[in-house]
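Chemist: Below you'll find the structure I mean.
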Amino acid sequence: MTTTDVRAAEPGTLTVYGRAAAAEWLRLRTVRSTWWCLLAATVTIVGIGVVMAFDAENVTATGELPPATAAGEFGVLLGQFALLVLVLLAVTQEYASGAIGPTLQWTPRRGVLMAARVAVPVLAATVAGVLLAFVADIAAWLIADLPLAGADVADSLGRIAAVLVAGGVLAVGVGLFLRSTAGALATVFLLQLVLPFLLPAFGVEWMADLGELLPGSGAIWTLLGEPEMSAAQATSLLVGWSAAGLGLGGWALLRRDAG
């Protein structure tokens, strides 16, 4: 057999990607942590939606009711972190267990492995988040008879999907770069929730300005319309931080030793 024959027998990139994605999906759905994260996301997103619906029902006489889609948006604002944990664990668990070595032997094309490792958990988390937000919207509509228009639902779920995709890609990048579940969780939690709320609370202008440059501020605006910024600014924050995180993670996977 010649070298040409050997090369011709090698599977193509799409074939390798398909195998890697199938392996990622199998691993994702067969570990307990995935289902615990989905349970936590369900309780948080739907629970907040139900609480908001009851609250709106109690203040019906005080003013205009919010749309039912606000239930899913508020729920995802906090419930996204359970979904981001799902994504992070899909990336970092193999580094903790040492299984990353066999994985790279089975899929030596690291770029292909990275593509599968980004696509599968991020897609799973996004689909789950969008479905749970829709359930929260329906619950708010049924409980408090909040207005629920088809166009509003499509717009709301589209914005929720954008936030979850951006957050998921950032989480993958941070996880690949730090290779530590605890470190990646702390970093994502600070960037997405803690610092965007904490920095403006100090009342110092430069700290407030810094807080508005964090990815969590873009997510908050996309979901709730706060703080004051344009759609272009919010989109730039989400895309920019996701690209930066993915760039660092990609460099770590492609250039650094697996150990």
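Chemist: So P66 clears everything in (1) in contact (Cβ under 8 Å) with a residue 12 or more places away in the chain; (2) part of a helix (DSSP H, G or I) except one condition, right? Which one?
Modeler: Failing condition for P66: (2).
Residue-by-condition table, conditions (1) farther than 19 Å from V120 by Cβ; (2) surrounded by 21 or more Cβ atoms within 10 Å (Cβ to Cβ); (3) acidic (D, E); (4) modelled with pLDDT of 90 or more:
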{"position": "F189", "(1), (2), (3), (4)": "yes, no, no, yes"}
{"position": "L223", "(1), (2), (3), (4)": "yes, yes, no, yes"}
{"position": "E228", "(1), (2), (3), (4)": "yes, no, yes, no"}
{"position": "L246", "(1), (2), (3), (4)": "no, no, no, yes"}
{"position": "G250", "(1), (2), (3), (4)": "no, no, no, yes"}
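Chemist: Report yes if A144 is more than 30 Å from Y95 (Cα to Cα), surrounded by 15 or more Cβ atoms within 10 Å (Cβ to Cβ) and of a type in the set (G, A, S), otherwise no.
Modeler: Details: more than 30 Å from Y95 (Cα to Cα): yes; surrounded by 15 or more Cβ atoms within 10 Å (Cβ to Cβ): yes; of a type in the set (G, A, S): yes.
Against the criterion (more than 30 Å from Y95 (Cα to Cα), surrounded by 15 or more Cβ atoms within 10 Å (Cβ to Cβ) and of a type in the set (G, A, S)), A144 qualifies.
Chemist: Could you figure out which of (1) at pLDDT below 90; (2) over 27 Å from L190 (Cα atoms) isn't true of S97?
Modeler: Status for S97: all satisfied but (2).
Chemist: With (1) within 25 Å of I48 (Cα to Cα); (2) among the hydrophobic types (A, V, I, L, M, F, W, C); (3) at pLDDT below 90 as the list, and V204 as the residue in question, which single condition is left unmet?
Modeler: The number of the failed condition is (1).
Chemist: Looking at L193, L164, L157, L131 in this structure, which one is in contact with a Phe, Trp or Tyr (Cβ under 8 Å, 6 or more places away or on another chain), in a helix (DSSP H, G or I) and under 16 Å from A82 (Cβ atoms)? Write out each step before concluding.
Modeler: Values: L164 fails: in contact with a Phe, Trp or Tyr (Cβ under 8 Å, 6 or more places away or on another chain); L157 fails: under 16 Å from A82 (Cβ atoms); L131 fails: in contact with a Phe, Trp or Tyr (Cβ under 8 Å, 6 or more places away or on another chain).
Just one listed residue meets the conditions, L193.
Chemist: Report yes if A182 is part of a helix (DSSP H, G or I), surrounded by fewer than 21 Cβ atoms within 10 Å (Cβ to Cβ) and on the phi < 0 side of the Ramachandran plot, otherwise no.
Modeler: Judged against the criteria, A182 is a match.
Chemist: Follow-up question, since we're still on this one. Looking only at region 74-117, how many residues end up being polar (S, T, N, Q), crowded, with 19+ Cβ neighbours inside 10 Å and within 30 Å of I45 (Cα to Cα)?
Modeler: 2
Chemist: Go through the residues of region 6-23 one by one and say whether even a single one is modelled with pLDDT of 85 or more, surrounded by fewer than 13 Cβ atoms within 10 Å (Cβ to Cβ), under 26 Å from the mean Cα position of the chain (by Cα) and of a type in the set (G, A, S).
Modeler: If we filter region 6-23 for residues that are modelled with pLDDT of 85 or more, which is where we start, we get 14-23.
Narrowing further to those that are surrounded by fewer than 13 Cβ atoms within 10 Å (Cβ to Cβ): 14-15, 22.
Next, only the ones that are under 26 Å from the mean Cα position of the chain (by Cα) stay: 14, 22.
Going one step further and asking which of them are of a type in the set (G, A, S), we end up with 22.
Yes - at least one qualifying residue is present in region 6-23.
Chemist: When you go through G249, G183, G216 one by one, which is the residue that is touching a residue at least 60 places away in the same chain (Cβ under 8 Å) and under 19 Å from the mean Cα position of the chain (by Cα)?
Modeler: Of the residues listed, the single one that is touching a residue at least 60 places away in the same chain (Cβ under 8 Å) and under 19 Å from the mean Cα position of the chain (by Cα) is G249.
Chemist: Show the residue pairs meeting these rules: Cβ distance below 7 Å; 6+ apart or different chains; first residue within region 82-106 and of a type in the set (A, V, I, L, M, F, W, C); second residue in a loop (DSSP other than H, G, I, E, B).
Modeler: Once the first residue is of a type in the set (A, V, I, L, M, F, W, C) and sits in region 82-106, its partners that are in a loop (DSSP other than H, G, I, E, B) give I100/A258; L104/A258.
Chemist: Looking at L237, L213, which is the one that is farther than 21 Å from E24 by Cα and buried (at least 22 other Cβ atoms within 10 Å of the Cβ)?
Modeler: L237
Chemist: I'd like the residue in region 24-58 that is over 19 Å from the mean Cα position of the chain (by Cα) and aliphatic (A, V, I, L, M) and, out of all such residues, is surrounded by the fewest Cβ atoms within 10 Å (Cβ to Cβ).
Modeler: Result: L26.
Chemist: Of (1) surrounded by 20 or more Cβ atoms within 10 Å (Cβ to Cβ); (2) within 16 Å of the chain's Cα centre (by Cα); (3) without any contact (Cβ under 8 Å) to a residue 60 or more places away in the chain, V172 satisfies all except one. Which?
Modeler: (3)
Chemist: What are the residues in region 186-213 that are aromatic (F, W, Y) and touching a residue at least 60 places away in the same chain (Cβ under 8 Å), if any?
Modeler: Selection gives F189 alone.
The values are calculated or read from the model by the stated rules, or taken from the named source; none is laboratory data. Quick caveat: nothing in here was measured; it's all calculated off a predicted structure. Note that each Cβ is placed from the backbone with ideal geometry, even for glycine, and that neighbours are counted across all protein chains shown.
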